[in-house]
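Single-structure report; data block below.
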Amino acid sequence: MRDKVLIGYGQGFWGDSILGPVRLVREGPLDYLALDYLAEVTMSIMQKLKGRNPKAGYATDFIAMLSRVLPEVHRKGIKVIANAGGVNPSACLDAVLDLAKKQGIKGLKVGIIEGDDILVRIPELLQSGHMLANMDDGRALSGVQDRILSANVYIGAFAVAECLRQGAQIVIGGRLTDPALVAGPMIHEFGWGPQDFDKLAAGTMAGHIAECGAQCTGGNFTGWRDVKDFVRIGYPIIEASPDGSFVVTKHEGTGGLINRETVISQLLYEMGDPNRYLGPDCTADFTSARIEEIGKDRVRLSAIKGGPATPTYKVSISYLNGFKTTGQLTVSGPDAVAKARLCAEIVWGRLALDGCTFEEHEKIVEIVGAGVCHEGIAKPTDPPEVVLRMGVKCNDEDKVDRFGMEIVPLVTSGPPGVTGFAGGRPKATDIVGYWPALLQKDQVKTRVRVEVT
Amino acid sequence: MAKVKLSSFAFARSGDKGDGSNVGIFVKTRADYELIKKVLTVDAVKRHFHGICKGTVTRYEAENMLALNFLLRDSLGGGGSESLKTDAQGKTHGLALLEMEVER
């Protein structure tokens, strides 16, 4: 058994910089490269793409990234763990195999994890009494059943470890939890079992720290003035040990900052109850961790405690929930705020003249530059210009489009100083609703398949 | 004792939990931790976010991090892709909390 394993996290979300993973591979030692390509909305987009083309529905960004580093990854023996499979891991597998063949890489083992996608099983599950009720408000799923776009179970780290055990160098999953991408390699390397709750909790906590990429290495840090060289910001590396302790660090010579504060900042991110952070493999007690700076850009966590997981998996379901659009204009001073307010009144008034009205909760007016993000907290000022941002949402697509037509006329038929209309008339787009639910674990079986070039 | 902004000695990070905002704040010393535990009551935070938070506020403590974590329900205009807000994920709410003035 190795006494230390280096797990880098190169992609914090779908759309993160391609430089993260590329530089993790090139700029220093690395054993594993973990990559997160999914968000709640992503799965519905991918199901739509797969509906049109059975070979689509995975993160093509992953292939673009691999095309840059695959020879080096193969030569150095770096293992890659990614949830890039989206709703079509087997198509993603084919794309990676094709790429490897094109690049003349022989003997590359690529594995996939399937079983998270339960979209086609929804009717059967509902019929056999699994309600998949909305975790936030208790609503029954049957009420939106005809509008469901995607449904995926959050799969844990043991499926990743199994794929590694079968020899895969590249592991492709669908909806794996973000922390599982880090905890999976630890389970595989250190032989942890399903009852090793303290160690699994440590793996989960390590994954939570790393899962947003540069957000633990100085990105989005409120002490941002202390962060050097944002351009070359280093992505996180978890230096894991068999006893569950680990060090958060980054490659030498990279930019950014790792100290107690940047790590704690990320621990708090979307944390919920710190005593009981829930995951598919365990619960983790974030309040148990000892957190200490042990060197420059090195923070060690130890003594982490965990407990058994719940008997259910979390399920992420997306569904069509109406239409929305937003549009914006720039309004210059003097009196920018007052004129922007007047512009908004004019839009609602003209729409009403044409018989088009919206409920209060269906519309929004934001005067960006006058305290939108910190509403009720920022003090009123007299900015030289503001951006007027207006939007609506409802079930009637035509009404949403009608709204979009009344923004640009303000340039010539409202108060003076209205400009900056770019990007065309705002059009109605689908609202993809998010439906979190729970499903008994015995209803889900994951499958692993490994192929070689 | 003088009136100072929390931003002069505390750190924060925020993000979404459904239609709720998760706002974490922490400090570097035990004395400051006792201070924010006393000052940042559920009511005080709810009042500070009166223009943003339309639901209830829950507070958690994490002493090992000298941190408090707040869940501000009904703060994101529907949350995620359903929200029309610029900050639909509460990314800026940590900084908003740091704007609060306290006696220190």
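The values are calculated or read from the model by the stated rules, or taken from the named source; none is laboratory data. All of these numbers come straight from a predicted model, not from anything done at the bench. Virtual Cβ from ideal backbone geometry, glycine too; neighbours counted across all protein chains shown.
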### Summary
All-but-one check, A:E366 against (1) within 14 Å of chain B (Cβ to nearest Cβ); (2) surrounded by fewer than 21 Cβ atoms within 10 Å (Cβ to Cβ); (3) among the acidic types (D, E); (4) closer than 30 Å to A:M43 by Cβ, failing number (2)
### Message
Quick check on segment B:27-67: of everything there that is more than 27 Å from B:G78 (Cβ to Cβ) and assigned to a loop (DSSP other than H, G, I, E, B), which residue is nearest to the chain's Cα centre (by Cα)?
### Response
B:T41
### Task
Please state which one of A:I407, A:I346 is β-branched (V, I, T) and buried (at least 19 other Cβ atoms within 10 Å of the Cβ).
A:I407
### Task
From A:L257, A:L320, A:L329, A:L267, grab the single residue that is under 30 Å from A:E366 (Cα atoms) and either crowded, with 21+ Cβ neighbours inside 10 Å or of a type in the set (V, I, T) (or both).
A:L329
### Message
Criterion first (at negative phi, in the same structural domain as A:T249 (by TED's automatic domain parsing) and surrounded by fewer than 18 Cβ atoms within 10 Å (Cβ to Cβ)) does A:S44 satisfy it?
### Response
no
### Message
Given the criteria part of a strand (DSSP E or B), buried (at least 21 other Cβ atoms within 10 Å of the Cβ), under 22 Å from the mean Cα position of the chain (by Cα) and assigned by TED's automatic domain parsing to the domain that holds A:V299, does A:V160 qualify?
### Response
no
#### Entry: segment A:375-389, subset within 13 Å of chain B (Cβ to nearest Cβ) and either in contact with a Ser or Thr (Cβ under 7 Å, 6 or more places away or on another chain) or of a type in the set (D, E) (or both), residue surrounded by the fewest Cβ atoms within 10 Å (Cβ to Cβ)
A:E375
### Message
Residues that are more than 13 Å from every other protein chain (Cβ to nearest Cβ), more than 30 Å from A:R300 (Cβ to Cβ), free of Cβ contacts under 8 Å to residues at least 40 places away in the same chain and crowded, with 20+ Cβ neighbours inside 10 Å: does segment B:53-67 have at least one?
### Response
yes
### Summary
When restricted to A:G244, A:G218, the only residue touching a strand residue (DSSP E or B) at 6+ places or on another chain (Cβ under 8 Å), at positive phi, assigned to a loop (DSSP other than H, G, I, E, B) and within 14 Å of another protein chain (Cβ to nearest Cβ) is A:G218
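Conditions (1) of a type in the set (D, E); (2) surrounded by fewer than 14 Cβ atoms within 10 Å (Cβ to Cβ); (3) in contact with a Pro (Cβ under 7 Å, 6 or more places away or on another chain), marked per residue:
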position: B:T29; (1), (2), (3): no, yes, no
position: B:E34; (1), (2), (3): yes, yes, no
position: B:K38; (1), (2), (3): no, yes, no
position: B:R73; (1), (2), (3): no, no, no
position: B:G79; (1), (2), (3): no, no, no
### Task
Mind telling me which of the residues B:G24, B:G18 ends up being at the interface with chain A (Cβ under 7 Å from one of its Cβ atoms) and at pLDDT below 95?
B:G18
### Summary
The lone condition B:E103 fails out of (1) more than 11 Å from every other protein chain (Cβ to nearest Cβ); (2) surrounded by fewer than 19 Cβ atoms within 10 Å (Cβ to Cβ); (3) under 11 Å from the mean Cα position of the chain (by Cα) is (3)
### Query
Restricting attention to segment A:168-180, does a residue exist that is within 20 Å of A:A309 (Cβ to Cβ), assigned by TED's automatic domain parsing to the domain that holds A:F197 and either surrounded by fewer than 16 Cβ atoms within 10 Å (Cβ to Cβ) or of a type in the set (K, R) (or both)?
yes
### Test: residue in segment A:358-368 that is in contact with a strand residue (DSSP E or B) (Cβ under 6 Å, 6 or more places away or on another chain), more than 30 Å from A:T287 (Cβ to Cβ) and either outside the structural domain of A:V400 (by TED's automatic domain parsing) or outside any strand (DSSP E or B) (or both)
yes
